[in-house]
Amino acid sequence: MTVTQIIVTVAGLALIAAVAWFFWGPRGDGLTAGVTSSGFQEATIAVKGAYTPDVVVVEHGKPVRLTFLRQETAACSEKVLFPDFNTAAELPEGQLVPVEFTPDQPGEYEFTCGMGMLRGKLVVR
C-alpha cells in the first residue's frame, strides 16, 4: 500500500466516524420546556437541517405543546412524527405548527421527520 492510499484510507475512516458521531453521537441535556398559565409545557423547535433544540425535557402526566417552525424547503422536513404518541403533523414552511399530547410514562421518546433523517428526543421525567 502506498503512502497516498494510506492517507486516503485514514481520511475516509475519519469522515465515516464524524458522520456517525453527528447522527448517532451523544446529545446534550436538552431544553426544559416552560410551563404556561394554561398548564401546557411548551417549547418552540426550529426545523432547518435539524431540530433545534433536538432534546426537550418535560414532566410526565402534564400536557405538552411543542411548536414547530419549519425554516427550509427540503421535502424531508415536511412532516414530524411522534410514533410513541400516535401523533404526526404537517409542517408548512414558515408557519408555527403546535403538536399537543400528554406523556403518561417517564422515558425517552424519539421524534423524526417523515424520512427518519431528522431526529429529536423528548425526555419525560
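Laboratory data are not the source of any read-out in this text; all were calculated from the coordinates shown. Remember, predicted model here, so these are calculated numbers, not experimental data. Every residue, glycine among them, receives a Cβ derived from its backbone with ideal geometry; neighbour counts consider all protein chains shown.
In debye, nearest 20: dipole of the chain around its Cα centre with unit charges on the Cβ of K, R (+) and D, E (-)?
220 debye
Using a 10 Å cut-off around each Cβ, can you sort T4, T87 from fewest to most neighbouring Cβ atoms?
Taking fewest neighbouring Cβ atoms as first place, the list is T4, T87.
Please give the Cα centre distance for region 1-21 versus region 79-107, rounded to the nearest Å.
39 Å
With both bridge residues required to lie in the chain, what share of the DSSP beta bridges run antiparallel, to the nearest 5%?
So the antiparallel bridges in the chain amount to around 60 percent.
Using all Cα-Cα distances in the chain, what percent lands in each 5 angstrom bin from 0 up to the longest?
Calculated P(r), rounded to whole percents: 2, 10, 18, 20, 16, 11, 6, 5, 4, 3, 2, 1, 0, 0.
Quick one: if you stick a label point 7 Å off each Cα along the C-beta vector at Q95 and V19, how many nm between them?
Output for this residue pair reads 3.5 nm.
Just subtract the alpha-carbon distance of V10 and L69 from 0.36 nm times their residue separation and send over the number in nm, one decimal.
17.3 nm
Mean residue ellipticity at 222 nm from the helices of the chain, using -39,500 (n - 2.57) per DSSP H segment of n ≥ 4 over the full residue count, to the nearest 500 deg cm²/dmol?
It comes out at -6000 deg cm²/dmol, rounded to the nearest 500.
For region 25-99, what is the largest minus smallest coordinate of the Cα atoms on each principal axis, given in angstrom and ordered from greatest to least?
Largest to smallest, the principal-axis extents are 33, 30, 22 Å.
Less than 11 Å Cβ to Cβ from V47, Lys/Arg counted +1 and Asp/Glu -1: what total charge do the surrounding residues give?
Every neighbour counted, the sum reads -1.
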